[in-house]
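Please read the structure below before turning to the comments.
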Amino acid sequence: MSDDVLSIIPSDPQWQPDRGAADRVVALVEDLTPGAAGGVDVEIDVTWHDVVAAVDCGENLERIGCPLCQASIDTEWWGDLLEAHCDDGFATLAVEVPCCGGSTTLDLLDYDWPCGFARFEIAIWNPEHLWFSEDELAALGDRLGHPVKQIRAHI
Ligand SMILES: [Zn+2]
């Protein structure tokens, strides 16, 4: 069986909220997630990562673009990278891209669908919601005290 996971992460990969801010955001996520309020079993996981972790979109990934030369980056390269860092996280996001050999950071690559990097994540499992709207994301960011972005994964 496959799952869909909608994740909310801070836009800055290093940023972490305190427990109170996280609780306030989760309460709003529950309000905004159809089903959760009505007692349907929507599971919400909240995670603080010690080191930066990749929040990838799984099978939704169609293309990765290089911000330097605009070439497409082999998604297998990305898959290998995720596998290599799945236990220990990313001590640095600095990377030499395989297309043009240029130096950039992993969070600046052009992921379609979006992927991200974070030390804090709220994951909503199998929500009916496809995406949060811009207004909803702004409200979530207000509660968190930091702008947020969303990643939708199919795994
Ligand atoms: Zn390139």
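Using Cβ point charges alone (K and R +1, D and E -1), the dipole size of the chain about the Cα centre works out to roughly 420 debye.
Just to be sure I understand: of the beta bridges DSSP finds with both ends in the chain, what percent are antiparallel, rounded to 5? That works out to approximately 95 percent antiparallel. Backbone phi angles across region 115-124, fed through the Karplus curve with coefficients 6.51, -1.76 and 1.60 (θ = phi - 60°), yield HN-Hα couplings of 10, x, 9, 7, 10, 8, 8, 10, 10, 10 Hz in residue order; Gly and Pro are listed as x.
Mean residue ellipticity at 222 nm from the helices of the chain, using -39,500 (n - 2.57) per DSSP H segment of n ≥ 4 over the full residue count, to the nearest 500 deg cm²/dmol? Could the numbers behind the result be given before it?
Working: 3 runs with 36 residues, N = 155.
Taking each H run of at least 4 residues, the total per residue is -7000 deg cm²/dmol.
The base-10 log of I(q)/I(0) for the chain, evaluated at q = 0.15, 0.17 Å⁻¹, reads -0.80, -1.01 [Debye formula, identical scatterers on Cα atoms, solvent excluded].
How do the peptides 148-155, 102-109, 114-121, 13-20 rank, highest first, by the average count of neighbouring beta carbon atoms within 10 Å per residue? It would help to have the intermediate numbers written out before the result.
Working: 148-155: 18.5, 102-109: 15.4, 114-121: 21.8, 13-20: 13.6.
Most protected by this proxy first, the peptides run 114-121, 148-155, 102-109, 13-20.
For the chain, what does the relative contact order come out to in percent, with C-alpha contacts under 8 Å and a separation of six or more?
Values: 282 pairs, mean separation 75.0, N = 155.
Here the relative contact order equals 48 percent.
May I ask for the angle, rounded to the nearest 10°, between helix 75-85 and the longest principal axis of the chain, with both axes built from Cα atoms and the value confined to 0 to 90°? Helix 75-85 sits roughly 70 degrees off the main axis of the chain. Relative to the longest principal axis of the Cα atoms of the chain, the long axis of helix 19-32 makes an angle of roughly 80 degrees.
Using a 10 Å cut-off on Cβ atoms, rank the peptides 133-140, 47-54 from the highest mean neighbour count down.
On the way: 133-140: 14.1, 47-54: 15.9.
Packing proxy ranking, top to bottom: 47-54, 133-140.
Fewest neighbouring Cβ atoms within 10 Å first, the residues Asp110, Asp4 line up as Asp110, Asp4.
Quick note: the coordinates plus some simple rules give every number you see, no bench work behind them. This one's a predicted model, so the numbers in the text were calculated from it and none came from an experiment. We place every Cβ from the backbone using ideal geometry, glycine too, and count neighbours over all the protein chains shown.
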